[in-house]
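Below you'll find the structure, written out as structure tokens, and then a few comments.
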Amino acid sequence: MSNKEKYQLSILIPVYNHVCKGLVENLHLQAETEGLLYEIIVADDGSTDIAVKEKNSRISTIKNCRYISRDVNVGRAAIRNFLAEQSRFKNLLFLDCDIELPDSHFLKRYIDADIKAVLYGGVCTEGTHSLGKHNIRYIYEHSSEPHHTALERSKQPYKSFRTTNFIISRNIMLAHPFDERFKHYGYEDVFFGKELKHNNITIMHIDNPVSIRDFEPNDVFISKTEEALRTLYCFRNELADYSKMLESIRRMEKFIPMEFFRMWHRVFGKLELKNLKGNSPRLTIFNMYRLGYYLSLKDVK
């Protein structure tokens, strides 16, 4: 885009128990280099770690940056809506707090792109060889990377949307906010993609990924996975055509009774968990555990 000095950008980062001052400093430097009319707003969604909050509070000392501390955790959908309401520029860049920028041209690639309505840049994983053996989130994310290119995402532009790294027009965001029924972890971005399609709002995909380098311990990731599956179960009817898990179940149940997987989970679920929380987790076991856990939710009242 020409006249970069007039390009307006609000960079919005929800945070929970994670220090993101370094990320903000990097974004600030890039925005200054590009001569943008910009602001960076970090909203803390009720973090419980006082030391983290203290470090993040220093973000407000950086030019054009603001740190907002909120006492009550409102969830991933509501905190993003809050950030949009707090913003003042016409383009909004949403980023997760636990990512890193790949290089010094991250913002420039977004500015140079032909933004229509919503633009998703993608995500990539970076880690050591040991992570590939011992960390189940790294193993899972790394195995999914071939599907994260812009070419692959563009094949199903609405189903491939994630909130990790995207730009959206402020007017569109305010007119079509995230659904605040999604208070727990998972699938608020999937439903948002569905709503954008329903309202004929274009999602474009480019290769401008952020990096994931901070991978939580296996037990934490499994707990988050279970929470996401419970969210999916609550919204299963509305997400029927937008969830890979639900699509897989529909295909498999034509050939295999789902009761088989429920029984498998009852018998082997604890053994699977032991593997997944241990030092040598297996992706195949992770996928079996996810399927069995989800299918078993129908028995939970």
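Some values worked out for this structure:
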{"item": "Total residues in the range 39-52, condition surrounded by fewer than 17 Cβ atoms within 10 Å (Cβ to Cβ) and of a type outside the set (S, T, N, Q)", "result": "4"}
{"item": "Failed item, numbered, when residue 200 is tested on (1) surrounded by fewer than 17 Cβ atoms within 10 Å (Cβ to Cβ); (2) over 19 Å from residue 241 (Cβ atoms); (3) out of contact with any Ser or Thr (no Cβ under 6 Å at 6 or more places or on another chain)", "result": "(2)"}
{"item": "Members of the range 184-227 found to be of a type in the set (Lys, Arg) and either over 14 Å from the mean Cα position of the chain (by Cα) or closer than 21 Å to residue 11 by Cα (or both), listed by number", "result": "194, 197, 213"}
{"item": "Filter result for residue 60 (of a type in the set (Ser, Thr, Tyr) and under 19 Å from residue 168 (Cβ atoms))", "result": "no"}
{"item": "Filter result for residue 195 (out of contact with any Lys or Arg (no Cβ under 9 Å at 6 or more places or on another chain), over 27 Å from residue 20 (Cα atoms) and surrounded by fewer than 17 Cβ atoms within 10 Å (Cβ to Cβ))", "result": "yes"}
{"item": "Matching residues in the range 275-301 - criterion: being out of contact with any Lys or Arg (no Cβ under 9 Å at 6 or more places or on another chain), closer than 22 Å to residue 224 by Cβ and loosely packed, with under 12 Cβ neighbours inside 10 Å", "result": "284"}
{"item": "Tabulated pairs, the range 143-160, first within 16 Å of residue 201 (Cα to Cα), second among the small types (Gly, Ala, Ser) and in a helix (DSSP H, G or I), C-beta under 8 angstrom, 6+ apart or interchain", "result": "158/193; 159/193; 160/193"}
{"item": "Residues of the range 107-141 classified as closer than 17 Å to residue 170 by Cβ, over 18 Å from the mean Cα position of the chain (by Cα) and among the β-branched types (Val, Ile, Thr), total", "result": "2"}
{"item": "Any hit, the range 240-250, residues being over 26 Å from residue 179 (Cα atoms), over 22 Å from the mean Cα position of the chain (by Cα) and of a type in the set (D, E, K, R)", "result": "no"}
{"item": "Within the range 204-224, tally of residues that are buried (at least 21 other Cβ atoms within 10 Å of the Cβ), of a type in the set (S, T, N, Q) and part of a helix (DSSP H, G or I)", "result": "1"}
{"item": "Considering residues of the range 63-81 that are of a type in the set (Val, Ile, Thr) and surrounded by 16 or more Cβ atoms within 10 Å (Cβ to Cβ) only, the residue farthest from the chain's Cα centre (by Cα)", "result": "68"}
{"item": "Unique residue being assigned by TED's automatic domain parsing to the domain that holds residue 122, in contact with a Leu (Cβ under 7 Å, 6 or more places away or on another chain) and surrounded by 17 or more Cβ atoms within 10 Å (Cβ to Cβ) when the list is 170, 153", "result": "170"}
{"item": "From 199, 237, 165, residue being polar (S, T, N, Q) and touching a residue at least 40 places away in the same chain (Cβ under 8 Å)", "result": "165"}
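The values are calculated or read from the model by the stated rules, or taken from the named source; none is laboratory data. Not measured: the values here are computed from a predicted model. Cβ coordinates were reconstructed from backbone atoms using ideal geometry, including for glycine residues, and neighbour counts include every protein chain displayed.
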